[in-house]
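S.K.: Pasting in a structure now, in structure tokens, and then I'll have a few things to ask.
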Amino acid sequence: METTLEKIKSLERIYVGGYGDDFMDRALDKLLAQQRAEDEASLRILHGDLEELERRYGMRSDEFAQRYRQGAMGDDVDFVEWNALFRMVTKVQNRLSLLQG
């Protein structure tokens with residue numbers, strides 16, 4: 001079974017060879033638009049979760065993340081969750097940045 005990366009490389013070979021067409025263009029545009037929309041929706045939810053923790057602890061998430069990495073925050077369940085949320089936001093923001101080109 002072909003991996004996703006192999007499929008993408010196949011598409012690249014098709015386009016480099018000049019064999020792309022309107023159908024593939026529209027399908028790819030829809031796929032990318034759908035992923036952007038899902039990422040934007042995810043970010044809204046994740047930011048809401050981060051804002052709640054920021055209010056509760058009186059600290060911005062970037063400040064928290066730095067202190068957490070330094071071991072200054074402990075391993076309270078809220079802090080572990082906050083760190084995971086912050087990392088998720090970073091990952092989704094990076095992917096969205098790539099999608100928006």
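No value in this document is a laboratory result; all are computed from the given coordinates. All values reported here derive from a predicted model rather than from experimental measurement. Glycine also receives a Cβ, built like all others from the backbone with ideal geometry; neighbour counts cover every protein chain displayed.
S.K.: Note down all Cβ pairs under 6 Å where the first residue falls in segment 80-95 and is over 15 Å from Gly48 (Cβ atoms), the second is in a helix (DSSP H, G or I) and among the aromatic types (Phe, Trp, Tyr), and they're at least six residues apart or on different chains.
M.R.: Asn83/Tyr68
S.K.: Right, here's the next one. Output the qualifying pairs, or none if there are none: Cβ atoms under 8 angstrom, residues six or more apart or on different chains, first residue in segment 36-62 and touching a residue at least 40 places away in the same chain (Cβ under 8 Å), second residue in a helix (DSSP H, G or I) and among the charged types (D, E, K, R).
M.R.: Final answer for the pair search is Asp39/Arg95.
S.K.: Return yes when Arg44 is of a type in the set (D, E, K, R), part of a helix (DSSP H, G or I) and under 23 Å from Lys91 (Cα atoms) and no when it is not.
M.R.: Working: of a type in the set (D, E, K, R): yes; part of a helix (DSSP H, G or I): yes; under 23 Å from Lys91 (Cα atoms): yes.
Yes, satisfied.
S.K.: Separate question: Need the failing condition index for Met59 against (1) closer than 30 Å to Glu12 by Cα; (2) not in a helix (DSSP H, G or I), just the number.
M.R.: (1)
S.K.: Could you check segment 26-37 and list, in sequence order, the residues that are surrounded by 13 or more Cβ atoms within 10 Å (Cβ to Cβ) and under 15 Å from the mean Cα position of the chain (by Cα)?
M.R.: From segment 26-37, those surrounded by 13 or more Cβ atoms within 10 Å (Cβ to Cβ) are 28, 32, 35-36; that's our starting set.
Of everything in segment 26-37, those that are surrounded by 13 or more Cβ atoms within 10 Å (Cβ to Cβ) and under 15 Å from the mean Cα position of the chain (by Cα) turn out to be Leu32, Gln35, Arg36.
S.K.: Do you know which residues across segment 55-101 are within 11 Å of the chain's Cα centre (by Cα) and small (Gly, Ala, Ser)?
M.R.: Ser97
S.K.: Tell me yes or no: at least one residue of segment 15-29 is under 18 Å from Leu96 (Cα atoms), without any contact (Cβ under 8 Å) to a residue 40 or more places away in the chain and not β-branched (Val, Ile, Thr). Steps first, please.
M.R.: Of the residues in segment 15-29, the ones under 18 Å from Leu96 (Cα atoms) are 28-29.
Then keep just the ones that are without any contact (Cβ under 8 Å) to a residue 40 or more places away in the chain; that gives 28-29.
Checking the rest, the ones that are also not β-branched (Val, Ile, Thr) come to 28-29.
Yes: one or more hits.
S.K.: With Phe86, Phe64, Phe79, Phe23 as the choices, which residue is aromatic (Phe, Trp, Tyr), under 18 Å from Ile8 (Cβ atoms) and out of contact with any Lys or Arg (no Cβ under 6 Å at 6 or more places or on another chain)? Spell out how you get there, then give the answer.
M.R.: Details: Phe86 fails: under 18 Å from Ile8 (Cβ atoms); Phe64 fails: under 18 Å from Ile8 (Cβ atoms); Phe79 fails: under 18 Å from Ile8 (Cβ atoms).
The unique qualifying residue is Phe23.
S.K.: Can you tell me how many residues in segment 1-25 are in a helix (DSSP H, G or I) and more than 24 Å from the chain's Cα centre (by Cα)?
M.R.: Step one: filter segment 1-25 for residues in a helix (DSSP H, G or I), giving 4-16, 22-25.
Of the ones still in play, those that are also more than 24 Å from the chain's Cα centre (by Cα) are 10, 13-16, 22-24.
Adding up the residues that qualify gives 8.
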